[in-house]
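For reference, the structure is listed below as C-alpha cells.
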Protein chains: 4
Amino acid sequence: MSEKLQVAVAGIGRMGMRHARHFATLTPRAELIAAELDAAKKEFVNVRTYKDYEQMLAQEKTLQAVVVASATTVHAEQAIKAIERGLHVLCEKPISTSPEISQSVVDAYNTSIKKFPNQKVICGFSRRFDASYRDAHRRMANGDIGTPSVFRSQTCDKLDPSGFFVAYAEFSGGIFVDCSIHDIDLALWFFGENSKVKSVTAIGITAVQPDLRKHNDRDNALGIIEFYGGKIAQLYCSRMMAAGQEDCTEIFGTNGKVAINTQPQLNLVNLYEPTGIRREIPSDYYGRFREAFITEANEFTASCLDNTPPPLRLDSAVRAVTIGCALQESLITGKKIEFDESGKRVEASKL
Amino acid sequence: MSEKLQVAVAGIGRMGMRHARHFATLTPRAELIAAELDAAKKEFVNVRTYKDYEQMLAQEKTLQAVVVASATTVHAEQAIKAIERGLHVLCEKPISTSPEISQSVVDAYNTSIKKFPNQKVICGFSRRFDASYRDAHRRMANGDIGTPSVFRSQTCDKLDPSGFFVAYAEFSGGIFVDCSIHDIDLALWFFGENSKVKSVTAIGITAVQPDLRKHNDRDNALGIIEFYGGKIAQLYCSRMMAAGQEDCTEIFGTNGKVAINTQPQLNLVNLYEPTGIRREIPSDYYGRFREAFITEANEFTASCLDNTPPPLRLDSAVRAVTIGCALQESLITGKKIEFDESGKRVEASKL
Amino acid sequence: MSEKLQVAVAGIGRMGMRHARHFATLTPRAELIAAELDAAKKEFVNVRTYKDYEQMLAQEKTLQAVVVASATTVHAEQAIKAIERGLHVLCEKPISTSPEISQSVVDAYNTSIKKFPNQKVICGFSRRFDASYRDAHRRMANGDIGTPSVFRSQTCDKLDPSGFFVAYAEFSGGIFVDCSIHDIDLALWFFGENSKVKSVTAIGITAVQPDLRKHNDRDNALGIIEFYGGKIAQLYCSRMMAAGQEDCTEIFGTNGKVAINTQPQLNLVNLYEPTGIRREIPSDYYGRFREAFITEANEFTASCLDNTPPPLRLDSAVRAVTIGCALQESLITGKKIEFDESGKRVEASKL
Amino acid sequence: MSEKLQVAVAGIGRMGMRHARHFATLTPRAELIAAELDAAKKEFVNVRTYKDYEQMLAQEKTLQAVVVASATTVHAEQAIKAIERGLHVLCEKPISTSPEISQSVVDAYNTSIKKFPNQKVICGFSRRFDASYRDAHRRMANGDIGTPSVFRSQTCDKLDPSGFFVAYAEFSGGIFVDCSIHDIDLALWFFGENSKVKSVTAIGITAVQPDLRKHNDRDNALGIIEFYGGKIAQLYCSRMMAAGQEDCTEIFGTNGKVAINTQPQLNLVNLYEPTGIRREIPSDYYGRFREAFITEANEFTASCLDNTPPPLRLDSAVRAVTIGCALQESLITGKKIEFDESGKRVEASKL
C-alpha cells in the first residue's frame, strides 16, 4: 500500500475538477487514483475514470478517501455509500439542502466509526482553511477583541446575466442554503459551535432575476439570527455584485473588532488612471479561496494519514444547514422563526 | 436690518455649543446674536444669553432663525414656538422620539407657512451635508450603480465605559431612534423619500451595559427593513466600538455599489510600527461630521436669506422617526411589525 | 480700530482669489478690506479694489496685513514694501526663485522688526497647516518613530495637456523650486530647520512636454539630498500624474515610519463597478490642501492679533529656495553639488 | 528516465531549504533527488544528501537540474560546474557580487548551449514570478499607463537588531547588490531589458548599525538611475523597517501609474482596537514572495521538461549586478558614475 492517500473524486464538474487538481498535483501526500466522470480523463492520464459512482467504489480496491463534489442533491447519498465502506470522506458543502438528510450522514458516520475508528468525514467549509479567517479566529480566541458579540458576514457573487442562477436555484436549496451557508458556518465557528439559535428572520428581493421566484428564491436577501447567550448575527447574500466576488466578515467584540476582507482586492496592484485609482477583485469564489481549498486538501489528507482529529466537526455542518433552511423559509413566508433552547421550533400560535 | 441672518441657539450643551460656534464664526452670512444658556457667555462676548427660551424669543426683536439643540424631549415644543413666531428653524435630530409629536411640528409648519411663506424649517440630518454622502448620492442619482436595491448602514459609537449611555437612554428614545435615525434617513434619501415601509424586524443585546435594559434599550442592535417596491435595508447600531466612531454605508445597485467610509480613518496618516501598520479613526460623531455641520449651517442660512428651497424636507424626518420607533418596538417585543401600503400598522392577529 | 485684522490681498489670480475668500469669509477674526485687482470686485462688494499695489498700501490707512499672492517674480518686492510699512505679511511660496532675493526679504524683516517689534512675516508653506502633516510631525516629535533618518516626498501634479506648464516654466524657477519646494520645506521641518545640506543630485526627463527644455525645465525629476548628521531625502516631482494631484510623504525613523497620503483619495467614497473598485483623488493642489489654507489664514490672523509667535520661521523659506535652486541646477548640469558645513558651495575642482 | 524533472539543491541554508521544499512537495512535475547538505536529511527521507557539491554532481547520474542556493560567493562557481555538465540551473540571485564573474556564468552558458541546445539557466529574480508584478507588467505592456517613464522601487527589510546584517555585509556585495538587485531587475523588466544606463548616483547612512561601515556598507541608501532614452529610476533600500518587510514599486507612465504593494499587508485581516485600526505585514521577504518562489520552481521545471523558453533572460542578471555595483560604488565614493551608450564608464576627468 502506497504511503500516499489514495483518493477518488466524485462529480467532475467545476468544483470537482478543482478538487481533482488539488489532490493530483498540490497535495504532496495524496494521490488521485480515480474519478467518477470522463471530464477528468484528458487532464489526468493516470487516473481511472468511471461513469458510475458505485462501480468506482467497488473496483478501486486501494481507495482510501472520496471527495464528493457532485450535485448537491446526491451529496448525502454518495457520502453515505463511501462512509459505509469505511472510506474517508470530504463532502462539498452543503451536505444536503435538508437538515434531516444532512443528519442522516452524521448518523451513518456515527455508526460507521464504531467499525472504522480512524475514519474521517468532513464537510468542506473552505473558509475555515483560509489564512485570513484563521488569523482572525486566532485573534478572537486569544481574547484580542473581548467577547465576540455581533457578527456580520456577506457572500456576494458576481452578477451573472446568463440566467445560470435561475436554473441552479431549482436544486440549490435557495440563496441562504447555497451562499450564506458559509457565513452561517463562520458564525458558529466564531461564536462557538454549540451556539443555540433563538430566532431567525429574513427578507429578500429579486432585483435582477425575477424568475428566481419560480423556485422560491431571491437574488438578494438579508437575514438576522439571534443566539441564546447574547449574540446576534447579520447576513447578506447576493447574486448581483458588479465588481466580482465580495465576501467579507466582521466580528464585533466587547473590546475590539476583527474584519476580514472589508477592502477586497484581486492582488496588490493599484492602477492610477484619468478616472481615479482602481483595483480589481476576484471574479468568483474560487478566485478568492483557491489557497484555502488547497490547504483543505492537504489538511484532510494529513488527518486521514496521521489519524489526527479532522480539521472541522461534521455535526456543525448539520446545524449550518438547519439555520440556512430556517432563514430560507422566513425569506419566503415572511415569518420570524423561533426556537427553544433545546433547538425545537416554537409554534407561532404559542408565541 | 442686517444682511446677515440673525440666529439664536437654544440649548448650549455639547451640540448646542458646536452649532453656536458654527454660526458665530464659520457661517459668513450668519450672525449669532443670542443663546439660551450661560455656557455661551464666556465664549461669545457679543452674544446675549438667556436662561429662558421663551424670554429669548420675546426679547430678540431682530431674530430671524433659531437652532434647536436642546434635550430631545423639548425639541418639538421649542421648534413649534419658534415656528409660530414665523422664525426659521434648524432643529437637531430627532424632532421627537414620538412619531405623533414629530408630526405635530410638521403640522405647525404647514399652518405657519401660509402666514410666513418664506419660512424654512429643517431637521438637521447632518450626513446629508457630508461631501462623501453627497458624492455617493450624486453617483447613484446619475445611474452609476443601476437601481439602488439593498442598503446597509451602521452607526457605531465609541465604547464609553462611564455609564453615560445608560442615563442617556432614559430619554433618547432608544438606540434605533437615537443612533440609527441617521441611517434610516439615508435609506429614505437613497431609496426615495416617498419609499413605503412594508415591515421591520430587530434584535439586540446588551453586551457591555446590561443596565440599558432598565430603559428598554440595548447596546448593540440589528434591524432589517423591507420597503414596498423591492428594496431592503440592513442596519447595525452599537455603543461599543473600541476604535472610535465607525459610521459606514453601502448602497448596492443592480449595476454597482457605492460605499461610504468602509475604510474609516481620522486623517491621511498611517503609522508603521513594530506591531504593524496603524491608523486612528475619529473618536466621536462630531470628529467624523464636523465639516458637514458647518455646511449645514451655511446652507440653512443661504436658504433662509435667499428664500431658496430648504436643503431637506421636514416631513421626511417624521418618517425616519416612525421607522426608528417601529424598529425599537420590534427590538423589545421580538415581533416583526408590518405596514400596509398606506402606512398603517397591520395587526398581528390579521397576519 | 477694528477688533478684526484688516487684510488686503495682492494679486487676485487663482491663488489670490482663494486667499481672498479665506480671509473674507472663513477667517472669523479677519476682515478683507482691499484687494489689488479688479477680479475681486464682483465677488466682494465691500472690498476696495486697486490696480496698483503701492497705491493700495498708501491709501488703506487701517490696513494691518497683506497677503502677497501675485506672480512669483514680484513676491519679494511686494513683500518688502509691506514689511517696510510695518505691515504683517503672508507671502505665497516661494518668496523668490533666487536665494539671494529671498534672503533680502528676511533682511528687510530683520531690520523692520526693530521698529515694529510685533510684526509677523511668514511664507505660506501650506502643508505645515495640514492636519495630517501636523499629526505626523507630532508623532515624530513625540519619538514614536525613533530618530527620523530617511525622508521621501513627492509632488505630482495632474497632467495638464494644455501647455500651461510650458509658459509657466519661464518664470517658475523650475520644477524643483516650484513643486518640490513644499517637499523640501517638509524635509527641513521633519529633520530640523537647522539641518545642513551636504550634497544634492538630480536627474529628470521631459516625458510629455519636451518644450519645457526651452526654459531649462523638466516634467519629471528625481532628486536626492544628503544632510550633515546622517539624514537623507528623496524627492520626486512630476507634471504628468493621470489620476490627479498626488502628494505624499514618508518619514522613516529608526523605530518606525509615518506615512502621509500614501493612499490618496478625494473623499470617503469607493465605487464598485464592473471594472473593479474605484476612487477618485483631488484634481489639484487646492483640492488636497483647502483646509490647510484656511487654517493658515486663521493662524496667521491669530498670530498678528495676539502677538504670538508666527506659525513658521521665515528664514526657513530661504533655505528651502536655496536647496530647490541647487537641485534645479543639478538637474540641468548633471553635476552633483556639494556644500561644506558652513553652507558654502564646494567647488568641483576641489572635490 | 522519470517523467519528473530530477532536481538537486545545493546549499541547504534558509533559502536552500525553502527551494528544496518547493521542488520536493509543491512542484508536481519535479522530484527532489539530492541535496548538498545534511540539513535536508531529516526532512526529506528519500533525498540523498552530500557534503560535497562536485561529488553530488558526479554521483547523481539521473540528475537533470540544479538549484544553486549556497552562499553568494560560490554561486558562480557552482553554476558553471553544473552548466558544463549540461544540467539545467536555477541560480539564486545575485549570480555574483562582481559583474565580471557574473558575466563568466553567461559565457559558460553560451558555450555550453552549443553542446546542450535545450539547456536552461536562469537567475532567480523571484519578483518576476509574483502575480501582482506580473499583472502590473501586463497592464504596462498593454499600454494602460502610456509610456513608462519614471520607476520607483524600494526594498525595506525588517529591522534585525541581532547584528546579523553586519556579518552578512562582509560578503553580500553591499545593500544595493544584495537588496536593490530586485528593484534594478524590475526597472530593466519594466523599462525594457536592453535599457542602457547613463548615470547612477547614490547616498546612504548608517542609522542603526554603524558597524556596517567596516564593510563599506550602509543600512539605508537612496539611489537614482538615469537611462538613455528618457527614463529615470529611484531606489530606496533599508535594513530598518520596523513593521516588517516593505517592498513596493510604482511605474509612472505618460498616461497612468501602476503601483504594486503600496498598501502592504500580511493578509486580509484588519484589527479594530482602542488605539485604532491595525494590520500586520510580512516579516520577511519570503513571507511576501512565497507564492512567487513556488511559481518560479514550477515554471523553471516546465521550461526544462518542455524545452520552452526560460521565464527570464540570464544576461539581464549581469546588467542588474553591474548597475548594483555602480550604485554601491557611488554610495561609498560619493561620486556620480556615468556611462556612454556602449555601456563603458566615462572617466570623471573627461566629464
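The values are calculated or read from the model by the stated rules, or taken from the named source; none is laboratory data. The structure displayed is predicted, hence computed values, not measured ones. Heads up, the Cβs are rebuilt from the backbone with ideal geometry, glycines too, and the neighbour counts pull from every protein chain shown. Just so you know, the surface numbers come from the protein's heavy atoms only, side chains and all, with ligands and any DNA or RNA stripped out. Shrake-Rupley method; radii C 1.70, N 1.55, O 1.52, S 1.80 Å.
Couple of notes before you dig in:
- With respect to the stated conditions, residue C:273 fails to be of a type outside the set (Val, Ile, Thr) and closer than 30 Å to residue C:226 by Cβ.
The rows are residues; the columns are (1) in contact (Cβ under 8 Å) with a residue 24 or more places away in the chain; (2) more than 30 Å from residue D:117 (Cα to Cα).
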| site | (1), (2) |
| --- | --- |
| D:254 | yes, yes |
| D:284 | yes, yes |
| D:295 | yes, no |
| D:306 | no, no |
| D:316 | yes, no |
| D:332 | yes, yes |
| D:345 | no, yes |
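- Flag if residue A:308 is part of a helix (DSSP H, G or I) and either among the small types (Gly, Ala, Ser) or open to solvent by 10 Å² or more (accessible area, probe 1.4 Å) (or both): no
- Residues being touching a helix residue (DSSP H, G or I) at 6+ places or on another chain (Cβ under 6 Å), part of a loop (DSSP other than H, G, I, E, B) and not charged (D, E, K, R) - total across the stretch B:27-42: 2
- Matching residues in the stretch C:10-25 - criterion: being surrounded by fewer than 20 Cβ atoms within 10 Å (Cβ to Cβ) and outside any helix (DSSP H, G or I): C:13
- Those residues of the stretch A:162-182 which are assigned to a helix (DSSP H, G or I) and surrounded by 23 or more Cβ atoms within 10 Å (Cβ to Cβ), in sequence order: A:165, A:169, A:175, A:176, A:177, A:178, A:181, A:182
- Across the stretch C:330-351, the qualifying residues are those that are at pLDDT below 95 and assigned to a helix (DSSP H, G or I), and the one among them that is most open to solvent (accessible area, probe 1.4 Å) is C:350.
- Looking across the stretch D:278-297, the residues that are in a helix (DSSP H, G or I) and in contact with a Phe, Trp or Tyr (Cβ under 9 Å, 6 or more places away or on another chain) come down to D:286, D:289, D:291, D:292, D:293, D:294, D:295, D:296, D:297.
- Listing of strands (runs of 3 or more DSSP E) fully contained in the stretch C:183-264 that carry 2 or more residues being within 14 Å of chain B (Cβ to nearest Cβ): C:246-253, C:256-260
- Residues located in the stretch C:291-301, provided they are buried (at least 18 other Cβ atoms within 10 Å of the Cβ) and out of contact with any Pro (no Cβ under 6 Å at 6 or more places or on another chain): C:292, C:293, C:294, C:295, C:296, C:297, C:298, C:300, C:301
- Considering only residues in the stretch B:268-277 that are within 7 Å of chain C (Cβ to nearest Cβ) and touching a Lys or Arg at 6+ places or on another chain (Cβ under 8 Å), the one that is nearest to residue C:140 (Cα to Cα) turns out to be B:271.
- Checking the stated criteria, residue D:316 turns out to be under 20 Å from the mean Cα position of the chain (by Cα) and more than 14 Å from every other protein chain (Cβ to nearest Cβ).
- Top-ranked residue of the stretch A:160-176 - restricted to ones that are among the aliphatic types (A, V, I, L, M) and modelled with pLDDT under 95, ranked as nearest to residue A:125 (Cα to Cα): A:169
- A single member of B:309, B:282 is at pLDDT 95 or above, more than 9 Å from every other protein chain (Cβ to nearest Cβ) and in contact with a Gly (Cβ under 8 Å, 6 or more places away or on another chain), and it is B:282.
- Filter pass, residue C:171 being farther than 26 Å from residue C:212 by Cα and within 20 Å of the chain's Cα centre (by Cα): no
- When A:24, A:10 are checked against the criterion of being within 25 Å of the chain's Cα centre (by Cα) and closer than 19 Å to residue A:302 by Cβ, a single residue qualifies: A:24.
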